[in-house]
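Everything on this sheet refers to the single structure shown next.
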Amino acid sequence: MKISVLIILIVLVNTFVMISYVESDVNDQDELQLIFKEAVKGLNIPGAVMLIHSPNGKETSFVAGVRDINSNPAITKKYPMTSNLKFRIGSITKTFVASVVLMLVQEGGINLDMTVREILPGLVINDTKITIGHLLQMRSGLTNFSFDEGFLKKFRAQPWYVWSPPELIAFCSTSGRDDDLENISATDAGCYIEHDPRPGAHFEYNNSNYVVLGMIVEKLTNDKIENQIYHRILKPLGLNNTSFPSTSSKLAKPYAKGYDYDPSTGTISNLSQRINPSWAWGSANGVSTATDVMKWLRAYLDGYGISKELLAEQMQFISTSYAGVLYGFGMMNKYGAIGHNGNYAGIYTAMACKFKGYYFVILTNGQSYGGERNASAESVFWRVVNKANLFKN
């Protein structure tokens, strides 16, 4: 009799716990959906997808807004955001490139202290001092070609232009030079003039580092970087909706259209397929879905393809010039959110990170009326985690 009563009590307790857990889970989802929608709307973002993988293994997707803006509100309602759409993922591309480089290090073909001169002599100035580790960690002393006025002038005038990687690097380095930087005149120094050019001395987040890394991979493997990513990462992990177009601006359906808001004219433009991705080669030209990015994020943070020792080295975050921001090898730590963000010409933004035991992927498709610089996936992320009760413990 006592045993029967005990069994009943155990069943009741377990049932109560299960019901409480389910109710809590439902409440959390409702709150997250509400906060997510408010964030997307408040930041003037047309639409977004958020995918969360919880510590107990449950994966939940949230959507807000639209994938296609139409001048007719009645028609716009027919194009809600959905979780299976492709987005340009911007600098999350860097995680794939970093992974391939680290695999080559793991295989013993190169090491982190190897210089650019040993692989691609004459490509960049000071190439006997810039190492693979410097490039991975954004401490090469190179400047960002995508901020160079010469590059921007042509980029704005001819967004369809197909850039070659050496053309991009030419905007931030003097080919074939390895001078003592202290003896270079302001004219010779070119884009170095406003920056600290000493390798290892200063963090500067920029795309040039990863363009050079992409070129290094191609030199070492005698293969295209996109092929290396496919065979080493995409195929083994089943990331069937991820690609790295290098010269074509087309996007395979279904995809979320990416928009740019021009405050000077008050107009919104669909730029999804009007900018050639060659400008972002090796640094921001990836296309993917929230599901694929989530699979990759979890594998990447777990040291996919490399040893635990090399992963530990990758995760040795060093402080940057930005408060609360640390950077490792193709990985950042922003106030405890570990992963990477992405921005493709402002028309697509992305965030993939692990925060308080939860994995997050957020993808957005640009700016609608009134959208400004903070209309980004990262802004959505911080609004969600700062407001939701789930992450306040």
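The values are calculated or read from the model by the stated rules, or taken from the named source; none is laboratory data. Remember, predicted model here, so these are calculated numbers, not experimental data. Every residue, glycine among them, receives a Cβ derived from its backbone with ideal geometry; neighbour counts consider all protein chains shown.
Computed values, structure above
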read-out: Contacts under 6 angstrom Cβ, first residue in region 141-152 being of a type outside the set (V, I, T) and buried (at least 20 other Cβ atoms within 10 Å of the Cβ), partner modelled with pLDDT under 90 and not in a helix (DSSP H, G or I), 6 or more apart; value: G141/P197; G141/R198; G141/P199; L142/C172; F145/F171; F145/C172; F151/F171
read-out: Subset of region 340-374 (residues that are buried (at least 24 other Cβ atoms within 10 Å of the Cβ), touching a helix residue (DSSP H, G or I) at 6+ places or on another chain (Cβ under 9 Å) and among the small types (G, A, S)); value: G342, A350, A352
read-out: Residue list for region 152-196, filter: under 24 Å from E218 (Cβ atoms), assigned to a helix (DSSP H, G or I) and modelled with pLDDT under 90; value: C191
read-out: Any hit, region 203-216, residues being surrounded by fewer than 20 Cβ atoms within 10 Å (Cβ to Cβ) and under 13 Å from V100 (Cα atoms); value: no
read-out: Answer residue from region 320-338, given it is of a type outside the set (V, I, T) and in contact (Cβ under 8 Å) with a residue 60 or more places away in the chain and is surrounded by the fewest Cβ atoms within 10 Å (Cβ to Cβ) among those; value: S321
read-out: Selection count where residues are part of a helix (DSSP H, G or I), buried (at least 18 other Cβ atoms within 10 Å of the Cβ) and without any contact (Cβ under 8 Å) to a residue 60 or more places away in the chain, scope region 231-252; value: 1
read-out: Strands (runs of 3 or more DSSP E) wholly inside region 276-366 containing at least 2 residues that are under 28 Å from W163 (Cα atoms) and touching a strand residue (DSSP E or B) at 6+ places or on another chain (Cβ under 9 Å); value: 286-288, 337-344, 348-355, 358-364
read-out: Test: residue in region 58-72 that is in contact with an Asp or Glu (Cβ under 6 Å, 6 or more places away or on another chain), of a type outside the set (D, E) and at pLDDT 95 or above; value: no
read-out: Failed item in (1) in contact with a His (Cβ under 7 Å, 6 or more places away or on another chain); (2) within 30 Å of V49 (Cα to Cα); (3) not small (G, A, S), with V66 passing the rest; value: (1)
